[in-house]
Structures are given as structure tokens and as C-alpha cells.
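Peer 1: Take this structure, written in C-alpha cells, and hold onto it; I'll ask about it next.
Every read-out reported here was derived from the displayed coordinates using simple, explicitly stated rules and does not represent laboratory data. Since this is a predicted model, take the numbers as computed values, not measurements. Cβ placement follows ideal geometry from the backbone for every residue including glycine, while neighbour counts extend to all protein chains displayed.
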Amino acid sequence: MAKQRFVQIENKNALLELLEDGKPITRLIIANNAYKDVKTKAIVEHARKAGIPIERRSRKSISRRSRVSSNESVIGFMQIDNQYSLEQLLSQTYENGDIPFYIILNEIKYAQNLGAIFRTAFAGGVNGIITNKQTGNLLSDEIIRISMGTALRIPIVETHIFNAIKRLRKEDISVYAMDMEGKSIYKENLTGPVAFVLGSEDTGVSSKVLERVDGALSIPMRRGIGSLNVSISGAIVIYEKLRQELQL
């Protein structure tokens, strides 16, 4: 991994999932008067078993350190380890014996949507997220919180997506763009190696991307509705692929 930087996790659910997944949490700070709830106890237990340093701080000190909420009593610090090149992602997918299954983000802007896509993609077995190189922070505190930590658990590739699409198709991985003018997802065979392109909230998948993919897919809707939220569209197509594969 080329990049090595640290993030802090302020959500107990996210922190517990990351600890259970064996992610590189480097230390925890816990308020002196932290509630002895089940999740806090589980976090402390996992940290102690893993030899992760635990520091006790005043509630005021925790609040000053917090970036998202002043109500949390536990903060974890983690070294990011899920940023890959496209070649590393492909190699890992094949070495794990997995069928390539990727999501490509085409200029999605809002943290709420990005966080939701990360969590659904991780839950649905997506092998990696591919996006253009970001001018901002793709792994912001808000996105980490909304995704409940899954933004730190799923492989991420930041690259030129035109080149990525070309490379994936060369590997015989079908690339489909979600577009309201496309063929119904229920009439397309989505099994096997595949990548789905999700477009920006205001303009959808760009015309230049549409020119480079294998085809466009749509989700049938009643008249009077132009489109669905991008994170909802992503969830539907991810689980339609899983549904089709479960029927094989």
C-alpha cells in the first residue's frame, strides 16, 4: 500500500467491528467515567487480547479530541491499510479465489451516499471500490462514521477510471453503468465477474463513461419517478447479482 496515514474512529459499533476484523488499531483512549456498557466492555476486552494500548482520559479531554460527536467515550486510532493499486486489487481477488466484483464511483459527492455505498458493498461481498483520484478525503471522519467503519475494511483503488474500465474489460470483467435509459437489471445476467458504475447525484454516470462500458442497466420504476438515490441503486443492483447467483 502506497499511502500510510492514520484515522480516528469515534463510533463504538464501528470500532468493535474493526477490532473483531483484526484491523490495525494502534491505541484507544477511553473516558475515565466511561459507561460500563456491553460494547465498551467488548472493545476493551478485544484491545487487551490484541495488546493494544489503552489510555484513560477525562471526559473533557475526549470531547476536545472528538471530531464528530462530543458524546462518545471511546476513540480508537487506526492505520489505514485498505488502499490499493488496481493491479494489487486484481491480484488479491484472484489469489483469494474470489470472483471479481467491484463498484466504480463516478464523481459521487455526498458523504451520506458514500458511507451507505461502502457499507452495502462490504455486506454484499464486493471485492473493492474503484474511484477517480480524490481531491478531498475519501476516508473522512464522517464517511467512516456513516459506513460504520466498513470504509476502512473494503479495498479502495484511487485511479483514472477510464483506464480502470479498460483494464477490467481486458480481464473479461463485464462493466455496466447504472443509467435510467439502460436495460432492466432483472433482464440481464449479472453472474460472474462484473463491475457496476454508480454516477453522481446530480448528473448520473457521465457520457464519456457510458461510451466505455459494456452496457447500461436500469432499475424499473413507476411513472413519475426519474431516479433513485445512488446508494439505493447500488444496493439494489448488488443484491440482484447475489440473488441471481444464489439461484444457480
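Peer 1: Output the direction-averaged projected area (hull surface divided by four) of the convex hull of the alpha-carbon atoms of the range 6-79, in nm².
Peer 2: For the range 6-79, the mean projected area of the Cα convex hull comes to 4.2 nm².
Peer 1: State the label only: which of [x] 73, 53, 33; [y] 57, 44, 38; [z] 53, 38, 34 corresponds to Cα extents along the principal axes in Å computed from the shown model?
Peer 2: [y]
Peer 1: About the Cα centre, and with charges only on the beta carbon of Lys, Arg (+1) and Asp, Glu (-1), how big is the dipole of the chain? Nearest 20 debye, please.
Peer 2: Dipole magnitude for the chain comes out near 1060 debye.
Peer 1: Relative contact order of the range 6-79, please, whole-number percent, based on alpha carbon pairs below 8 angstrom and at least 6 residues apart.
Peer 2: Working: 122 pairs, mean separation 37.4, N = 74.
Value for the range 6-79: 50 percent.
Peer 1: Mind scanning LYS23/LYS109; LYS41/LYS133; LYS183/LYS208; LYS109/LYS166 and naming the pairs with a C-alpha gap bigger than 30 Å?
Peer 2: Cα-Cα > 30 Å for LYS41/LYS133; rest within.
Peer 1: Counting Lys and Arg as +1 and Asp and Glu as -1, each charge on the Cβ, what is the dipole of the range 6-79 about the Cα centre in debye, to the nearest 20?
Peer 2: Dipole size: approximately 380 debye.
Peer 1: How large is the helix-only mean residue ellipticity at 222 nm for the chain, computed as the sum of -39500 (n - 2.57) over DSSP H runs with n ≥ 4, divided by its residue count, in deg cm²/dmol to the nearest 500? Provide the component values of the computation, followed by the final result.
Peer 2: Values: 9 runs with 88 residues, N = 248.
When only DSSP H runs of four or more count, the value is -10500 deg cm²/dmol.
Peer 1: Which one of GLY192, TYR239, ILE80 is farthest out on the positive end of the charge dipole of the chain, using unit charges on Cβ (Lys, Arg +1; Asp, Glu -1) and the Cα centre as origin?
Peer 2: The residue sitting most towards the positive pole is ILE80.
Peer 1: Please figure out what share of the DSSP beta bridges in the range 103-248 is antiparallel and state it in percent, rounded to the nearest 5.
Peer 2: If I count the DSSP bridges inside the range 103-248, around 5 percent turn out antiparallel.
Peer 1: Projected onto the charge dipole of the chain (+1 at Lys/Arg Cβ, -1 at Asp/Glu Cβ, origin at the Cα centre), which of ILE144, SER63, ILE25 gives the Cα projection farthest towards the positive end?
Peer 2: The one lying farthest along the dipole's positive direction is SER63.
Peer 1: Enumerate by residue number the trypsin sites (Lys or Arg not before Pro) in the range 142-248 meeting two conditions: DSSP loop (anything except H, G, I, E, B), and at most 13 other Cβ atoms within 10 Å of the site's Cβ.
Peer 2: ARG222, ARG223
Peer 1: Can you give the % of DSSP beta bridges in the chain that are antiparallel, to the nearest 5?
Peer 2: 25
Peer 1: In percent, what relative contact order does the chain have, based on Cα pairs under 8 Å that are 6 or more apart in sequence?
Peer 2: 20
Peer 1: To the nearest 20 debye, what charge dipole does the range 1-135 have about its Cα centre, counting +1 at the Cβ of each Lys and Arg and -1 at the Cβ of each Asp and Glu?
Peer 2: 980
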